[in-house]
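Report on the following structure.
The values are calculated or read from the model by the stated rules, or taken from the named source; none is laboratory data. Everything quoted here is computed from the prediction, not taken from an experiment. Reconstructed Cβ throughout: ideal geometry from the backbone, glycine too, with neighbour counts over all protein chains shown.
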Amino acid sequence: MTAYTATVTVRLKHGVLDPEAETTKQALERLGFALEGLRSADRFEIDLEAESADAARDRADEMAERLLANPTIHDYDVEVDER
Amino acid sequence: MTVAIIRFGGSNCDRDAERALEHLEVDAEIVWHEDGLPEDTTGVVLPGGFSYGDYLRAGAMAARSPILEEVREAAADGVPVLGVCNGAQIGCESGLTEGAFTTNESARFQCEHVYLRVERDDTRWTAAYEEGEVIEVPIAHGEGRYEVDDDRLEELEADDRILFRYCDADGKLTEEANPNGSKNNVAGVLGERETVAVLMPHPERATLPDIGPTDGQGILRGFDGASGA
């Protein structure tokens, strides 16, 4: 078994309104920053032990499918690194 | 012969629902989620509140708690299930109903009275109304914007699964009358079975005559018969 960290990033699907990101963007503009757009995402760093990087990825994938992301509004990606 | 009002940690409209149902002489009891559904459950309310502190997403944790398995089974057997506010979020998160209720367009918590247009009058939840009737019911949520992809929404509309839409006092579906930016002003939807319904507005807060309009009574009357009343 090898120790991995699986990083799951969950973001809103393209086209789904993100009022919090819009508010954050406006706050940055009020602070005088110039920016074109801002998207926010949730990032989960999951430490786990698995037989292989693929096995770690599969498990993290299932975590995203079953809980971390809501497929109605979210896309997600998974990255796996040895720890 | 009892309607089970499921209480999660963080539910806060469970007692309101109990009182409202009591007022309508519908037999109901609050059930702690860990205790499971009682044998004689003849209806289920998923009440409003902030179950599990709305961690991750509103309703996400409660939707994955073991009692929801039982609720899904009961729903499949035709037991009436009504999700209100956080209960609506739980309903969508658990797959009982389609779509998602997410952050209001305003990014703010909104607590106000709204008008709803009754889209169907042939379900148990709306039999007390006429199709197109305008009712006044309060909302209180930060995450009530109905979101679903456009194609799926068209299918839901074609299948007559939209139960309520936000409207103005005259029943017009305007942008101004849409409090949270919900797609096509959707406020409540039906599940695959019409005995399952979820909505963000609070019928239990528009039932007792002491506290204002009572337009929500008809929705809760959907449990008539379900409770043996």
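Just one of B:A169, B:A177 is in contact with an Asp or Glu (Cβ under 7 Å, 6 or more places away or on another chain), of a type outside the set (S, T, N, Q) and in a loop (DSSP other than H, G, I, E, B); which is it?
The conditions single out B:A177.
Of these, B:E143, B:E133, which one is touching a strand residue (DSSP E or B) at 6+ places or on another chain (Cβ under 6 Å), at pLDDT 95 or above and more than 12 Å from chain A (Cβ to nearest Cβ)?
B:E133
Would you mention how many residues in the stretch B:146-171 are within 14 Å of chain A (Cβ to nearest Cβ) and closer than 27 Å to B:A17 by Cα?
Matching residues across the stretch B:146-171 total 2.
Identify, please: which residue in the stretch B:52-63 is at positive phi and under 18 Å from the mean Cα position of the chain (by Cα) and is, among those, farthest from the other protein chains (Cβ to nearest Cβ)?
Ranking the qualifying residues of the stretch B:52-63, first place goes to B:D54.
Given (1) without any contact (Cβ under 8 Å) to a residue 40 or more places away in the chain; (2) touching a Cys at 6+ places or on another chain (Cβ under 8 Å); (3) hydrophobic (A, V, I, L, M, F, W, C), identify the lone condition not met by B:I211.
(2)
Kindly indicate whether B:A187 is in contact with a strand residue (DSSP E or B) (Cβ under 6 Å, 6 or more places away or on another chain), small (G, A, S), crowded, with 22+ Cβ neighbours inside 10 Å and more than 25 Å from B:R108 (Cβ to Cβ).
no
Among the residues of the stretch B:64-118 satisfying the criterion of being assigned to a strand (DSSP E or B) and either without any contact (Cβ under 8 Å) to a residue 12 or more places away in the chain or within 14 Å of chain A (Cβ to nearest Cβ) (or both), which is surrounded by the fewest Cβ atoms within 10 Å (Cβ to Cβ)?
Per the criteria, the residue is B:Q110.
Exactly one condition in (1) more than 12 Å from the chain's Cα centre (by Cα); (2) more than 17 Å from B:A100 (Cα to Cα); (3) not basic (K, R) is false for A:H14; which is it?
(2)
Please find, within the stretch A:38-82, the residue that is nearest to the chain's Cα centre (by Cα) out of those that are under 16 Å from A:R11 (Cβ atoms) and among the hydroxyl-bearing types (S, T, Y).
Across the stretch A:38-82, the extreme among qualifying residues is A:Y76.
Among (1) small (G, A, S); (2) exposed (fewer than 15 other Cβ atoms within 10 Å of the Cβ); (3) not in a loop (DSSP other than H, G, I, E, B), there is one condition B:A140 misses while meeting the rest; what is its number?
(2)
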